[in-house]
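> Sharing a structure below in structure tokens format, with a few things to ask.
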Amino acid sequence: FRCELCGKRFKRSSNLQEHRRIHSGERPFRCPRCAKSFKTPYELQRHALTHCAEKPFKCADCGKDFPTSNALLLHQRQHCDDKPHVCGVCGKKFTYGHSLKVHERVHTGDRPFVCPLCGKGFKQSNALSSHERVHTGERPFACKTCGKAFKQSSYLVIHERAHTGERPYKCEACGKAFARPSLLLQHHRVHSQERPYKCSFCHKFFKDVAYLAVHEKVHTGETPYKCSVCDKGFAHPSNLLQHQRVH
């Protein structure tokens with residue numbers, strides 16, 4: 001049984017069918033507890049263990065608990081220098097074989113996971129799954145505190161920090177902490193005075209791309225923020241807010 005897309009051969013038709021999901025991004029096996037989807041029933045079964053209350057296998061280095069000895073063994077590699085999987089192109093080392101496989105696509109340009117709706121290709125199946133929600137509008141990751149839903153679990157994690165107040169990204173220069181790494185990167189420019197965003201109309205530089213966007217409206221004359229009373233337009237929402245006090 002031969003895959004018509006990549007030529008790989010299989011002894012059983014069921015194995016070929018399972019393999020085709022690599023190209024299609026199809027994940028028909030959904031977890032009933034968190035709505036996360038998987039390509040095979042084995043992956044779903046392995047994932048289901050993360051919801052188990054019983055986690056008898058404890059990491060001696062960090063104290064984290066795991067439901068199976070194999071999961072603990074995979075985790076423990078993070079604490080040591082054991083990275084047996086080496087990229088033949090650049091020499092970069094990886095703890096897991098699948099991480100090396102994903103990395104090699106940086107060199108080959110291979111994007112085997114193709115969106116069936118728009119044809120866009122991706123290096124990883126989870127990236128395709130996230131992309132498909134652009135078409136479907138699905139938001140499976142809901143905040144337990146306020147109910148707001150998100151397309152990606154990473155967006156939910158960041159959002160939940162608004163409720164918990166957690167700010168794990170700390171500036172080494174002044175100690176100020178942030179909820180997102182992008183905010184920390186933006187803050188670093190206060191200390192470095194770096195201004196990487198250049199206006200395409202003049203020679204002015206900015207620390208943040210949002211400030212650049214506002215500035216360029218001076219050149220284009222764009223005034224997207226309209227007063228609902230007199231229809232006067234403004235380049236920046238703060239200018240509109242100030243104007244509305246007139247009414």
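Just so you know, all these numbers are worked out from the coordinates, no wet-lab data involved. All figures in this text were calculated on a predicted structure; none of them were measured in a lab. We place every Cβ from the backbone using ideal geometry, glycine too, and count neighbours over all the protein chains shown.
> Grab the beta carbon distance between residue 199 and residue 12, set R0 = 51 Å, and tell me the FRET efficiency rounded to 0.05.
0.25
> Next question, about the same structure. For residue 92, which aspartates and glutamates qualify as cross-link partners when the Cα separation must be under 19 Å and same-chain residues fewer than eight apart are set aside?
81, 82, 104, 110
> Compute the Kirkwood hydrodynamic radius of segment 1-80, taking the inverse of the mean of 1/r over all pairs of distinct Cα atoms, and give it in Å to one decimal.
15.0
> Same structure, new question: Residue 40 versus residue 219, label points 7 Å from Cα toward the beta carbon: distance in nm?
Going from the residue 40 label point to the residue 219 one covers 5.3 nm.
> A follow-up question, please. Can you give me the relative contact order of segment 1-80 as a percent, contacts being Cα pairs under 8 Å and 6 or more apart?
14
> Still on this structure, please answer the following. Can you list the lysines whose alpha carbon sits under 23 Å from that of residue 176, skipping same-chain ones fewer than 8 residues off?
Partners within reach: 207.
> Counting pairs of alpha carbon atoms under 8 Å apart in space and at least six apart in sequence, what relative contact order in percent does segment 89-247 give?
7
> Would you mind computing, in nm to one decimal, how far apart the modelled labels at residue 93 and residue 74 are, each placed 7 Å from Cα along Cα→Cβ?
Output for this residue pair reads 2.1 nm.
> Taking the dipole about the Cα centre of segment 1-138, with the C-beta of Lys and Arg at +1 and of Asp and Glu at -1, give me whichever of 34, 124, 23 is farthest to the positive side.
23
> Okay, next question. For volume of the Cα convex hull per residue in Å³, which listed value, (i) 252; (ii) 126; (iii) 178, comes from the coordinates shown?
It is the value labelled (i).
> From the cross-link list 101/123; 36/151; 64/151; 148/170; 36/144; 64/101, which pairs have alpha carbons spaced over 19 Å apart?
As for pairs spanning more than 19 Å Cα to Cα, those are 64/151; 148/170; 64/101.
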